[in-house]
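See below for the structure under consideration.
We did not get these values from a lab; they are worked out from the coordinates using the rules stated. Computed from a predicted structure; not experimentally measured. Ideal geometry is used to build each Cβ from the backbone, glycine not excepted, and the neighbour counts take in all protein chains shown.
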Amino acid sequence: MNHTPLQTTIAGSLPKPAWLAEPLKLWSPWKLEGDALIEGKRDAVRLAVRDQEQAGIDIISDGEQTRQHFVTTFIEHLDGVDFQRRETMRIRDRYDASVPVVAGPVSRTHPVYVEDARFLRAQTTRRIKFTLPGPMTMVDTLYDDYYRSREKLAWQFAEILNSEALELQAAGVDVVQFDEPAFNVFFDEVRDWGVAALERAARGLTCKTAVHICYGYGIKANTEWKKTLGSEWRQYEETFPLLRNSSIDQVSLECHNSRVPIELIGLLDGKDVLVGAIDVTTDEIETTEAVAATLRSAARYVAPERLYPCTNCGMVPLARSVAQGKLKALAAGAALVRAELSRR
Ligand code: ZN
């Protein structure tokens, strides 16, 4: 790995072009079908790569242009989950959603994103990151009528994710990231089996492994939830010590414009820290100075080689022009602090 300090990356998703999917929406339906959809998704990946490269992002994602949703699209490719059957369930302990039903043993009969990863690898010479949902977040987005145990289902998903992740690595992926927003909610489960299941998903990987834990997109259920969390958000205090002792290399977290006390990242001693310096819940594009200020405060607790400027979460629900502006702001803020550090 390159040890230039403050290598920039994004949490994962970017908005899709308006000709591919309806903008400003989660679970936005595709506007194309069949071969045109396959080609359209690839064209969108090319643009996502180009936008990141032009902005100056170092570790490139496919912007999740080939998926409708970061959890359900992966699950759609698995056996054992019935998408015709829906149950309404409280997810993230926060809001009710109509979710598909686990109706039998879950399995992965074919690779899900491996072709997408090969395609991304061919589009850029920079390092690439690929995201997968984490086991606990997958469990928390389904109604389980078969295992009837969140832990048992999570272990099944961990094995499935591991097969997928190993193939992504073989396709040339430099960082495999598991998205686990559920880690910010179910602390007992994180301790009892969540981190262990995550490690199972990452078993045998020699590329970098990451986990992303956030407070979610800027949707109403999340902003209402955030209002109940008090003046200091200390959720990370529960999980970071467990992750510090885990085999996972990198932790991606929400920081800018949040009430997370920055000193909590000190609990991740020895890990790479992907500090969210871009708010994904507003259309306001951060100034270079605002990004730099977040990074400077993080640099008090994390060595610069281990500090990766990042976004708070995925940018899929934002306008494209806003996301493009935020990518540039992220890279500019990182460049400013990198220059300051080199003068020290
Ligand atoms: Zn997130």
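A few remarks follow.
- Couplings 3J(HN,Hα) for segment 105-119, derived from phi with the Karplus relation 6.51 cos²θ - 1.76 cosθ + 1.60 (θ = phi - 60°), are x, 8, 7, 10, 8, 8, x, 9, 10, 5, 5, 4, 5, 4, 5 Hz, where x marks Gly and Pro.
- Local electrostatic count, Phe83, Cβ distance below 14 Å [Lys/Arg +1, Asp/Glu -1]: -3
- Gap separating the Cα centres of segment 212-269 and segment 151-205, nearest whole Å: 18 Å
- Protection-proxy order for peptides 194-200, 236-242, 25-31, 163-169, each taking the mean of Cβ atoms within 10 Å per residue, highest first: 194-200, 163-169, 236-242, 25-31
- Fully extending the segment from Thr282 to Leu341, taken as 0.36 nm per residue of separation minus the present Cα-Cα distance, adds 18.3 nm.
- For Trp30, distant residues with modelled amide H under 5 Å away: none
- For the chain, the spread of Cα positions along the three principal axes, ordered from largest to smallest, is 59, 45, 39 Å.
- Along each principal axis, Cα extent of segment 239-295, largest first, Å: 37, 19, 18
- Peptides 108-117, 322-331 ordered by average Cβ neighbours within 10 Å, highest first: 322-331, 108-117
- Centre separation in Å (Cα based) which lies between segment 115-150 and segment 292-313: 25 Å
- For the chain, relative contact order (Cα pairs under 8 Å, six or more residues apart, normalised by length) works out to 20 percent.
- Within the chain, the cysteines lacking any other cysteine Cβ closer than 4.7 Å to their own Cβ are Cys207, Cys255, Cys310.
- Charge tally for Trp233 (other residues, Cβ to Cβ under 9 Å; Lys, Arg +1; Asp, Glu -1): +1.
- Per the Cα gyration tensor, segment 187-301 maps to an equivalent ellipsoid with semi-axes of 25, 18, 14 Å, ordered largest to smallest.
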